[in-house]
Structures are given as C-alpha cells and as structure tokens.
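Nothing in this text is a laboratory measurement; each read-out follows from the coordinates by a stated rule. Computed from a predicted structure; not experimentally measured. Cβ: placed from backbone, ideal geometry, glycine included. Neighbour counts: every protein chain shown.
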Amino acid sequence: MGSNRDSSNEQPNLPSPKNIYKDPDDGRQRFLLELEFVQCLANPTYIHYLAQNRYFEDEAFIGYLKYLQYWQRPEYIKYIMYPHCLFFLELLQNPNFRNAMAHPGSKELAHRQQFYFWKNYRNNRLKHILPKPLPEPTVAPPTSVPPHLPPPTIAAPPVPSPSAGQVPSPMQYAMPPGSALARNDIRSIAADRRKRK
C-alpha cells in the first residue's frame with residue numbers, strides 16, 4: 001500500500017498564524033465587561049464587598065486592577081459615566097487602601113466623602129470662575145430742567161467699584177445701616193407685638 005508515512009516526519013499540531021483565536025465580536029464583549037467592572041468601582045460598598053471576600057489578597061486580581069488602568073487614557077475615558085471609579089481605581093493600587101476598605105467605617109467614610117463631593121462640586125467650581133462685572137447704569141440725557149427740585153434724601157455710602165483683580169462683595173447690595181426698610185418689615189412688626197404682650 002503506497003500510503004505508508006514515516007512517523008518521524010510528522011509535526012505536532014502547533015497553532016499556525018491561521019489558527020490564532022479570533023474573537024467573534026471583535027472584543028466588544030470584553031470591552032463592555034471591563035467597562036462595567038471599572039464603573040462598579042465608583043461604589044464604595046462594592047469595594048468593601050471585594051475586600052470582605054478577600055479578592056484583594058489574590059495576586060491575579062491585583063494584576064487585573066493594574067491592567068485596568070488603561071481606562072485613564074483619553075481614548076477610553078470618554079466611555080466612563082462615573083468618573084469616581086477612576087479615582088478609586090487609582091486608590092486601589094495602594095495596599096493600605098485595599099486593607100482599609102475591609103472595615104465598615106472606612107466604607108462609610110468614603111461614601112460620605114463622595115456624597116459631599118457631589119453635593120458641593122458645582123458650588124466649589126463656581127468659586128473659581130470670576131463673575132462678570134455688573135453693567136454700568138446708563139443715564140438718560142436730561143431733556144429739560146424740572147420745575148422744582150425734589151427734597152434732598154440721605155444718600156447711601158458710596159460703593160467702591162471693583163478693580164480688575166477684585167470680586168465685588170455680595171454685601172454691597174445689602175441695605176445700608178439705619179435704613180427705614182428694616183423697621184417696616186412684617187416679621188419685625190410681629191416680633192414687636194409678641195414682645196409687648
């Protein structure tokens with residue numbers, strides 16, 4: 001029979017360039033899974049769960065957290081909806097933080113700090129933005145001289161105009177001291193009646 005083969009000439013089945021694993025969905029599933037996991041790290045309760053279940057003691061998991069730092073690059077960061085996850089991902093590179101998150105008090109502290117950041121973020125940002133200067137009042141040119149002048153009034157103290165580097169104080173819009181408006185306030189009248197009785 002002419003089909004005798006020499007067993008020494010056979011090569012073991014090694015992966016050739018044609019047999020390399022090809023992801024059927026071009027990595028979309030992996031991308032979505034990693035994105036979901038990274039965004040879960042924005043939750044201090046989830047990090048506490050990972051610490052309680054000793055995920056942070058596994059060297060492979062620590063290596064995975066280091067690998068996930070590629071999400072901080074601009075081409076990937078645009079997909080992140082919860083930016084705190086990147087902050088916590090950075091903190092998880094520190095073994096002291098990983099150990100601390102096993103304690104419920106640390107979880108609560110991180111959760112409170114995150115809440116206060118969300119609560120005050122807009123106001124804190126607006127402090128650093130210079131307000132626009134108030135528009136100068138336009139004075140209409142006098143068309144004719146009035147027949148008589150009104151009685152003189154007490155003028156409020158002059159308000160210094162803000163220079164280029166100063167921000168106008170919100171107190172300049174408050175009532176001047178000794179103003180009659182404060183005495184005519186309904187709340188102060190009701191308080192005076194209560195005191196008299």
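Based on the Kirkwood radius over alpha-carbon pairs, what is the Stokes-Einstein translational diffusion coefficient of the range 41-130 at 20 °C with 1.002 mPa s viscosity, in µm²/s?
Result for D is 150 µm²/s.
Determine ³J(HN,Hα), in whole Hz, for all residues of the range 85-91 in sequence, where each value follows from phi through the Karplus function 6.51 cos²θ - 1.76 cosθ + 1.60 and θ = phi - 60°; x replaces Gly and Pro.
With the stated coefficients, the range 85-91 comes to 4, 6, 5, 5, 4, 5, 5 Hz.
Work out the FRET efficiency for Tyr49 and Tyr79 from their Cβ-Cβ distance, taking R0 = 30 Å, and round it to the nearest 0.05.
Efficiency for this residue pair is about 0.80.
How much length, in nm to one decimal, is gained on full extension between Arg112 and Cys40, taken as 0.36 nm per residue of separation minus their Cα-Cα distance?
My answer for the length gained is 24.2 nm.
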